[in-house]
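Values in this text are rule-based calculations from the coordinates and carry no lab data. Values in this document were obtained by computation on a predicted structure and should not be read as measured data. Please note: Cβ atoms are built from the backbone with ideal geometry, for glycine as well, and neighbour counts cover all protein chains shown.
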Amino acid sequence: MSVRVFIVDDHELFRSGVRAELSAGLEIVGDAGTVDEAISAILATEPDVVVLDVHMPGGGGRRVIEAVHAERPGIRFLALSVSDAAEDVIDVIRAGARGYVTKSISPAELDLAVRRVHDGDAVFSPRLAGFVLDAFGRAAPEPLDPELDLLSAREREVLRYIARGYAYKEVAHELGISIKTVETHVSAVLRKLQLSSRYELSRWAADRRLI
Amino acid sequence: MEEMDTHPAAAGLATAPRPSLQRSRSDRVVGGVAAGIGGHLGLDPLVVRIAFVVLAFAAGFGVVVYLLLWLLAPSEATDAPSSARVVARPTRQQLLGTALVLAGVLTLLWIAGLWFGWGLGWPVSLAAIGFAVLWARSGGEEGHGRWDLRSFGSPLEAMMGNRVSAPRIVLGSVLILGGMAVFLAATTSLSAAANVVLAVVVTVGGLALLAGPWFWRVATELMDERNSRVRSEARAEMAAHLHDSVLQTLALIQRSSEPKEMASLARTQERELRAWLYSRAPSIHGVTLRDAIDEMAGRVERDNLVKVEAIVVGDLDVDDEGLRALVAACSEATLNAARHSGVDDVSVYVEVEEGQVSAFVRDEGAGFDPGSVPHDRRGIADSIVRRMELHGGTAEIRSEAGRGTEVVLRLARPKR
């Protein structure tokens, strides 16, 4: 069964571009240009994966994720955005998106990213990996919950390779581990990113907000 | 299922914009405060009014709260054309309401045994009536939106600017001053020393009654005006910037026929716009590492029609020769990748760690055997390896024919 995909972006041109790129290997079940339209259409079509723009009028991607997850927690989200603002990116990830890629991604990579999200794995673009390393890099004087507030040495190593532009497969090769293990590490980092309450994380994102 | 279906409605309710607290113009018995609060909290104004009346019996608490809100809450903005402003004249209902509230307060004071006697009652009433005469119609309603600097000149001009007639000003002032005089005259039997203090207090109080609301309003209006000026300046600056950069580039792209050149123009513009949008405060000491690497990546992109993804983790000022050498070596490596790898993507990753700074420049292109580079090709040896070694750093080139190239630069830096 092919993966059923829904596209949300307020730019119609971009929406049709992504639709054309993805329709080769995936089933596109619909698209929407506004937050409210997206919420009702996603609940109606029940796609497997929603490719979601971060920055949209009317509450942004965050509102879509929260409204959909309140009813259908099984629908997975992949954020696709031109926004480099750390605050935006961290915000949708913490709202529940399983990954973040920039709009300059190649069609083949986007296809792979959607499938990866569908399989329950996390998708980290080099930029997101950089954000996470930066956010968790600041010395936390007293982590409230070391399980959530610190990255392990191995996770840090994996993220560093991703930030350097290595694909998961290449990271696995460099570290002498399986792709599955790389995916496990990345998913663990995503979980920390979503659940950590560490104060530095929000302060870090706010420091880099759009002025 | 049914329970689930209630979610969107609940979410919609929670996020629906709530009107801020403003005095109502259209629905008012006294000052429109109750209707304003009702609108803000989503209650029937009648409920709020009853609450005020009940609170008023609690030692006059409701009255004080009402008056404070009347003074502090802004009047509802007039988006409606001027025909709607006719409402500003007090209605009979309003007059009756005010009179009843006043009578109620006085009766309450009487019953509670707090009646201060006519010696105080008369002057206070006189001053209150004078206050009302002066300010009732010169209030913010008509004044909003028409404040120019001249009208900030004095309370007198402010009142004139609001078309308060001269007789009214005279009458109001006379009433307030009369109230002060009566009060002072009635209390001269008190001890002489207390009288001096009392006179000062009464004078200051009288002046506050005269000019207080004016000062309050001027301060508010000045603040509003400053805010809107800052906003419009920011807008103008943004428009100017977009015009000089984005619109120019769009025009260039339309004239270009080479897809590669178009893409390069677009990428360069994107990078520049990003740098402008997400810029942080400029460093005091000069260039930061992040800015230097971004600038370098942009330059290579522009000159070589490739895409350079530059990611910097941590940041510091480029304030010594070692860091400058690192940036230069990084630039050289990126340029090499752009020129010789045969692919259009180069990744640059720079990380500032506790004791060192590392830079990784990677492409997935042709690759080469580092051992077989002819000796006359000095680019890598001189501009990367030797440059790093001169400043106590290292450079490692990892490449294999057909498997891409990665240049790894490391520079130790003193702990601070």
Using only atoms on other chains, find how many Cβ atoms lie within 10 Å of each Cβ of peptide B:340-352 and report the average.
3
Give the average, rounded to an integer, of partner chain Cβ atoms located within 10 angstrom of each Cβ in B:299-312.
2
At a Cα cut-off below 20 Å, give the lysines reachable from residue B:307, other chains included and same-chain residues fewer than 8 away excluded.
A:103, B:260
If the cut-off is a Cα-Cα distance under 22 Å, which lysines reach residue A:192, setting aside same-chain residues fewer than 8 apart in sequence?
A:180
In terms of modelled amide H atoms, which long-range or inter-chain residues lie less than 5 Å from the amide H of residue A:59?
none
Within the stretch A:1-120: Cβ-based charge dipole about Cα centre, in debye rounded to nearest 20 (Lys, Arg +1; Asp, Glu -1)
300
What span do the alpha-carbon atoms of the stretch A:5-107 cover on each of the three principal axes, reported in whole Å from largest to smallest?
31, 30, 22
Can you give me the long-range amide H partners of residue B:75? Hydrogens built in the peptide plane at 1.01 Å from N, cutoff under 5 Å, separation of 5 or more residues or another chain.
B:23
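By how many nm would the segment from residue B:273 to residue B:244 grow when fully extended, if each residue of separation counts as 0.36 nm and the alpha-carbon distance is taken off?
Roughly 9.3 nm would be gained on extension.
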Within 10 Å of each Cβ in A:164-170, how many Cβ atoms from other chains are there, averaged over the peptide?
5
Once phi is turned into θ = phi - 60°, what whole-Hz ³J(HN,Hα) does the Karplus curve with 6.51, -1.76 and 1.60 give for every residue of the stretch B:21-27, x standing for Gly and Pro?
6, 9, 5, 6, 8, 8, 10
